Amino acid sequence: MPRRLTAIAAVSFGTALVVIDGAIATVALPTIAQDLHVDSSSAVAVVTVYQLVLVMLLLPFSGLGNRVGLKRLYQWGQIVFTVATILCFFAKSLPFLLIVRAAQAAGAAAALSVSSALVRQIYPAKQLGRGLGVNSVVVSVSAAIAPTLGGLVLAIGPWPWVFASAVPFAVASLLLGRSLPDIPRSKAPFDVLGAVLCATMFGLVIGGAESGVHGDSPVVSAAVVLAGIAIGVIFVRREQGEAEPILPVDLLARPVLALSTMGAFTAFIATMTLLLSLPFRLQHGYGFAPSEVGAAIAPWPLTTMFVAPLAGTLSDKYPAGALGGIGMGIAIAGLVALAFLPHDPSYFDIAWRMSLTGAGFGMFLSPNARLIIGSAPVERAAAAGGLISTTRMVGQTTGATLVAALLAMGVGAGTTPALVAAGLALIAGICSLARLRPSVRNPAKVEADQAQPAQMG
């Protein structure tokens, strides 16, 4: 037990640094733009480059982790992240800062790609849901404190210290990482070409979509997206013949995992659609001050912080399909209520709706992640973990792109985003309930035997 607790702390610190570093930079963007003498739209690339590199590298790194060792890749990721953060202090131009942010994202991707697989090895099989629930709490708390932490750092120091605020988490994770389990490595050769195709596919599709939404040439943006799709088709066909594919098409061929992944994807789009559009609605439509907007959004992550571990623990005993269906039903009720706010809403009017919605998504996401990790063969746990992280990042990026499109159409600051999010939550709920079908819920015996997690002594 002492070793298990230390290992849990190591993974928790590593998860916190990835979430904080991804979210904290938004607070510093105006300061960075002023200090580096660039316009605000150019400074936004500090965030988008980080997200893009993270999405491109998660699946390739999860495959690499099986070959070099999950523990080794996790710790090397922390080292790369820490070194890149130190280099932020030498950034005197935007291009150099973007290179450093890309290096930070590479280190974060290495750690994040194998964290779920490590959680599976740390916890006994009967407590896997609880473990993933704890991980969800770390994500929620980190996301909630990131903007406040960034504001405090900027109040007392220059902007490079905003990025440095995540370094203590990396150092703590490294020091505690000696307790992480050593897992036998795969002897299969690493598919370098598959990794390159995977990264190129995500880079072109997401980069092209982002450029189109932000006003670049629609023809060029469409061409970039189509090139990414074409590479994706070639990549997927190639992966179908691989024993341990970079893109886990072998796992997605299982209905329970395909439904879980689709549900998670639509759920993450829904959360990002609401959370990014709500500040515009509250400020422009109801006259809220920026500080009041932060307080209005806070009940969501605070409620998730309590509901996620409870739902994770329940998923060790009850079907994830039922828990996810109930969760999405609650989330839909909250989203519809948010769509039809009173004409002059009070803080309480918004807070209880946000809390209800956060509770619904918290009840869905932890059991859903537990099902994906627990249903994969133990030797494919890293691939399943990479799939979860990639689904979250692609879903959030898609949600951000969707909000930008809704704002461009003039409907992003009204009721439309909340109703769109409710429709996406309905799809996630249907995917979750579909897993209750006996043909989906009960895998063949050979699959069940393969999926039993190894336990850490």
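The values are calculated or read from the model by the stated rules, or taken from the named source; none is laboratory data. Quick caveat: nothing in here was measured; it's all calculated off a predicted structure. Positions of Cβ are generated from backbone atoms using ideal geometry, with glycine treated the same way; all protein chains shown enter the neighbour counts. What goes into the accessible areas is simple: the full protein's heavy atoms, side chains included, and nothing from ligands, DNA or RNA. Shrake-Rupley method; radii C 1.70, N 1.55, O 1.52, S 1.80 Å.
No other residue among 7, 25 is buried (at least 22 other Cβ atoms within 10 Å of the Cβ) and over 19 Å from residue 397 (Cα atoms) apart from 7. The residues of region 276-302 that are β-branched (Val, Ile, Thr) and more than 18 Å from residue 365 (Cβ to Cβ) amount to a single one, 293. Of the residues making up region 354-402, those that are part of a helix (DSSP H, G or I), open to solvent by less than 10 Å² (accessible area, probe 1.4 Å) and among the hydrophobic types (A, V, I, L, M, F, W, C) are 354, 361, 364, 372, 373, 381, 382, 383, 384.
Can you spot a residue in region 29-37 that is on the phi > 0 side of the Ramachandran plot and open to solvent by 10 Å² or more (accessible area, probe 1.4 Å)? The answer is yes; a qualifying residue exists.
If only residues of region 299-313 that are touching a helix residue (DSSP H, G or I) at 6+ places or on another chain (Cβ under 6 Å) and open to solvent by 40 Å² or more (accessible area, probe 1.4 Å) are counted, the one that is nearest to residue 370 (Cα to Cα) is 313.
For every residue, the table says whether it meets (1) within 17 Å of residue 118 (Cβ to Cβ); (2) within 21 Å of the chain's Cα centre (by Cα); (3) part of a helix (DSSP H, G or I).
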| residue | (1), (2), (3) |
| --- | --- |
| 11 | yes, yes, yes |
| 15 | yes, yes, yes |
| 35 | no, no, yes |
| 56 | no, yes, yes |
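Looking at the structure I just gave you, is residue 224 open to solvent by 30 Å² or more (accessible area, probe 1.4 Å) and in a helix (DSSP H, G or I)? So residue 224 passes the test. Evaluated against (1) modelled with pLDDT of 85 or more; (2) open to solvent by 30 Å² or more (accessible area, probe 1.4 Å); (3) basic (Lys, Arg), residue 435 falls short on exactly one condition, (2). The selection criterion, being open to solvent by 10 Å² or more (accessible area, probe 1.4 Å), modelled with pLDDT of 80 or more and part of a helix (DSSP H, G or I), does not hold for residue 97.
Take residue 57 and tell me if it is open to solvent by less than 30 Å² (accessible area, probe 1.4 Å), in contact with a Ser or Thr (Cβ under 9 Å, 6 or more places away or on another chain) and of a type in the set (A, V, I, L, M). Considered against the rule, which asks whether it is open to solvent by less than 30 Å² (accessible area, probe 1.4 Å), in contact with a Ser or Thr (Cβ under 9 Å, 6 or more places away or on another chain) and of a type in the set (A, V, I, L, M), residue 57 comes out as no.
Take region 281-305 and flag every residue that is free of Cβ contacts under 8 Å to residues at least 12 places away in the same chain, part of a helix (DSSP H, G or I) and more than 21 Å from residue 416 (Cα to Cα). Correct list: 290, 291. Of all the residues in region 40-49, those that are under 14 Å from residue 105 (Cβ atoms) and buried (at least 21 other Cβ atoms within 10 Å of the Cβ) number 1.
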